[in-house]
Amino acid sequence: MSINKNVALVDHSPKYKSAYFSLLAVVLFTLVNIVMASLGNDTYFLFSATVPYFIAFSGALYCGLLPDYYYTELGIPQSELLDPSAIVGFAVVALIFVAVYFVVWLLSKNKRGFMIAALVLFIIDTVAMFILYGIALDSLLDILFHGWVIVSLIMGINEAQKVQIALRERAEVQESESVKVQEGESAVLYTDGSSQAQGNPFAENSAILRVADTTVKSRTLLETDVHGHAVCYRRVKRTNELVIDGNVYDEIEMLMETAHALHATVDGHEIVVGYDGVSKSYVKVDGVVVGTKLRLI
């Protein structure tokens with residue numbers, strides 16, 4: 001069983017959802033700004049991409065659609081102005097840019113790659129903003145807005161990666177359980193397709209790696225009792241350990257935590273602890289989740 005590549009990431013990740021709607025805001029406000037500029041209105045809303053608005057505004061300026069003081073301050077004579085109908089061409093070019101953002105936004109709901117594409121586009125837009133306008137006090141809000149959108153997109157992309165890893169591991173677990181059922185192991189198959197193994201009294205106990213060191217500084221990620229056995233999922237420095245009855249059965253070392261699972265078989269029961277890559281530690285017994293704990297960090 002493979003991970004569903006069409007899963008709606010916005011339904012699994014709050015940060016990705018925030019990035020998704022931030023990108024939508026960029027599309028909508030840019031569209032509004034282009035329409036207003038094309039009609040000769042110099043009102044400008046934030047939450048807009050710079051390049052398409054600049055194209056539409058330049059068209060309005062050189063087609064003579066803006067208020068007279070623009071031409072007085074900039075010293076643009078009437079003889080250099082284009083026919084007002086030329087604004088259509090400028091508007092079409094600007095709308096093509098918005099259409100690209102819209103398509104990327106639409107496809108990013110299910111695919112993180114398109115959110116990455118949106119990030120690249122907006123970084124390019126931000127660079128263009130500095131080239132066109134420089135750094136000035138009157139552009140401070142635009143700079144802050146662009147920075148906020150970039151940070152939002154990056155956070156969403158990073159969390160989406162964790163979600164995809166968690167979903168992939170979940171699919172692997174389901175596949176493993178399916179194989180066990182097909183091989184005839186004792187299991188109850190539920191209507192939702194999941195299975196609960198009843199334990200295998202003939203299964204060998206997992207080897208003990210070592211006695212857990214209780215003198216070192218550690219952080220307990222989850223702790224529970226399983227069939228009379230004390231199960232502790234903890235982190236010691238850069239190592240996550242599965243400790244059962246004071247003995248370490250499995251471990252994984254990593255600097256930055258990503259989704260993972262630690263396994264052990266004790267008295268015929270498979271005990272699995274791990275991190276879902278998003279927000280929770282969990283413990284499973286024979287394929288069934290029997291406990292979870294919220295992870296803030």
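The values are calculated or read from the model by the stated rules, or taken from the named source; none is laboratory data. Values in this document were obtained by computation on a predicted structure and should not be read as measured data. Ideal geometry is used to build each Cβ from the backbone, glycine not excepted, and the neighbour counts take in all protein chains shown. Accessible surface areas use protein heavy atoms only, side chains included; no ligands, DNA or RNA. Shrake-Rupley method; radii C 1.70, N 1.55, O 1.52, S 1.80 Å.
How many residues does the stretch 211-257 contain that are β-branched (Val, Ile, Thr) and closer than 20 Å to HIS269 by Cα? Show your work before the answer.
Initial filter on the stretch 211-257 (β-branched (Val, Ile, Thr)): 211, 214-216, 220, 224, 226, 231, 236, 239, 243-244, 248, 252.
Adding the requirement that they be closer than 20 Å to HIS269 by Cα leaves 224, 226, 231, 243-244, 248.
Count: 6.
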_Restricting the stretch 131-176 to residues that are open to solvent by 70 Å² or more (accessible area, probe 1.4 Å) and under 16 Å from PHE47 (Cα atoms), the residue that is modelled with the lowest pLDDT_ = ASP138
_I'd like the full set of residues that are among the small types (Gly, Ala, Ser) and part of a strand (DSSP E or B), limited to the stretch 226-267._
ALA230, ALA261, ALA264
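Please give the helices (runs of 4 or more DSSP H) falling wholly within the stretch 16-118 in which 1 or more residues are open to solvent by 40 Å² or more (accessible area, probe 1.4 Å) and of a type in the set (D, E, K, R).
Values: elements: 50-62, 68-74, 87-107.
In the stretch 16-118, 68-74 are the helices (runs of 4 or more DSSP H) which contain 1 or more residues that are open to solvent by 40 Å² or more (accessible area, probe 1.4 Å) and of a type in the set (D, E, K, R).
One line per residue, one yes/no per condition, for (1) under 19 Å from ALA230 (Cβ atoms); (2) surrounded by 19 or more Cβ atoms within 10 Å (Cβ to Cβ); (3) in contact (Cβ under 8 Å) with a residue 40 or more places away in the chain:
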{"residue": "MET256", "(1), (2), (3)": "no, no, no"}
{"residue": "HIS260", "(1), (2), (3)": "no, no, yes"}
{"residue": "THR265", "(1), (2), (3)": "yes, no, yes"}
{"residue": "TYR275", "(1), (2), (3)": "no, yes, yes"}
{"residue": "VAL283", "(1), (2), (3)": "yes, yes, yes"}
{"residue": "VAL290", "(1), (2), (3)": "yes, no, yes"}
